[in-house]
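The values are calculated or read from the model by the stated rules, or taken from the named source; none is laboratory data. All values derive from a computational prediction rather than experimental measurement. For neighbour counting, all protein chains shown are included, and Cβ atoms are generated from backbone atoms with ideal geometry for every residue, glycine included.
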Amino acid sequence: MSSLTLNTLFARPALKTGLSVAVFGAMLGLAGCNNASNTSEEAAAESETTETAMTESTDAAATATPAASGEQTVTIYSSRNEQLIQPLLDKYMEQTGVKVELMTDKEGPLMARLKAEGKNTPADMLLTVDAGNLWQASQEGLLQPFASTVLESNVPAKYRDPKGMWTGLSLRARTIFYDPSKVEASDLSTYADLADPKWKGKLCLRTSKKVYNQSLVASMMEHLGAEKTEEIIRGWVANLATDVFSDDISMLEAIASGQCEVGIANSYYYGRILDEKPDFPVKIFWANQDTTGTHVNVSGAGVVANADNADGAVKLMEWLSSDEAQGIYASSDKEYPVKEGVDESEMLKSWGTFKQDDINVQKFGELQTQAIQLMDKAGYK
Ligand code: FE
């Protein structure tokens, strides 16, 4: 069951979708040129900063759909890798007959686009990674609240916005990885322990500019307080083997090549490397098992504030939280299902079960600005 909002009571303005899609398409064309140097590995590695793509033809303007069938279309602005999301959407379209248009770009440009388009946006749903991004979209007035008993039942409360502005749809653990030729699992324990001088010259980290690290640090601030967290970050920086990395894959490769011995990354990047290189010489360690649990974040979605088809967006989110869709997230994306009781892939099972941090992921957004300031102060680039 899902709730309709005021927006759906208004008729879809003529040409609205067609014009916006055409303009967006032109912009995407330019962005695509800029991204042309992306290697396929980079694109595959970085799901949320993949090459710009649009599944629907920009000819949409020429074939603007009438209002009645327009209500059957759900338009998604997504910062997720099209290759990961399109198979899910294809399945949904096949089962329901609902048309789904997917437009992908990085989260920053997508949010700017939503702001600029205002009431004329063709978007119904924003699909992105990290509670920090979803929180920011909500703060900037780009989302509207929705209610769904299906989502409330499928998605644990800690992975949903308490105000009902967005919901998590898949989980990713940000944890510790190590070189088993140099490090024993028994040498490892917590994120905080990576600040210990015993790791001097042995730690690799991704840049603090990435929201994943901002969310991790926000969770540490919530558990340990700002002062203690700053001390830990200073310790991390002092232990760095080399400059910070721009992405998790390069960081993991640096461990594999012996440049460093330990680091922090998202679990699915490791899974995607293992898919291609089953003998990849890096191991996963579940951080903070004797304390607060491993840091877990979401990918998720919300209904766009000016959506024409808010109800369609909620229905699609409900389907994405179903057993079937959740199983696909786990098997092809190497993410964890957000819904309890869904079978994980063999690879995820091989990593063992772990205690998750119980924090409501919305906190990562609330503390984001403070986390950024703290990392800056502590010299974490
Ligand atoms: Fe990612």
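The residue pairs whose first member lies in region 206-227 and is farther than 21 Å from Ile255 by Cα, whose second member is within 14 Å of the ligand (Cβ to nearest atom) and small (Gly, Ala, Ser), and whose beta carbons are closer than 8 Å, counting only pairs six or more residues apart or on different chains, are Val211/Gly132; Gln214/Gly132; Ser215/Ala131; Ser215/Gly132; Ala218/Gly132.
Those helices (runs of 4 or more DSSP H) of region 64-172 in which 3 or more residues are under 17 Å from Ile328 (Cβ atoms) and modelled with pLDDT of 95 or more occupy 82-96. Would it be correct to say that Asp308 is part of a loop (DSSP other than H, G, I, E, B) and surrounded by 24 or more Cβ atoms within 10 Å (Cβ to Cβ)? Spelling it out, Asp308 is indeed part of a loop (DSSP other than H, G, I, E, B) and surrounded by 24 or more Cβ atoms within 10 Å (Cβ to Cβ).
For region 169-200, filtered to residues that are closer than 19 Å to Lys228 by Cβ and free of Cβ contacts under 8 Å to residues at least 24 places away in the same chain, the residue that is surrounded by the fewest Cβ atoms within 10 Å (Cβ to Cβ) is Lys198. Pairs linking a residue in region 254-277 that is more than 12 Å from the ligand (Cβ to nearest atom) to a residue that is at pLDDT below 95 and in a loop (DSSP other than H, G, I, E, B), with Cβ atoms under 9 Å and 6 or more positions apart or on different chains, are Leu274/Lys334; Asp275/Lys334.
Just wondering, is there one or more residues in region 195-203 that are within 15 Å of Asp376 (Cβ to Cβ) and outside the structural domain of Thr128 (by TED's automatic domain parsing)? No; the residues of region 195-203 include none that is within 15 Å of Asp376 (Cβ to Cβ) and outside the structural domain of Thr128 (by TED's automatic domain parsing). For region 343-355, residues that are in contact with a Lys or Arg (Cβ under 9 Å, 6 or more places away or on another chain) and either outside any loop (DSSP other than H, G, I, E, B) or within 12 Å of Ala173 (Cβ to Cβ) (or both) total 2.
Residues checked against (1) assigned by TED's automatic domain parsing to the domain that holds Thr369; (2) under 22 Å from the mean Cα position of the chain (by Cα):
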position	(1), (2)
Leu88	no, yes
Thr104	no, yes
Gly118	no, no
Val129	no, yes
Ser138	no, yes
Asp187	yes, no
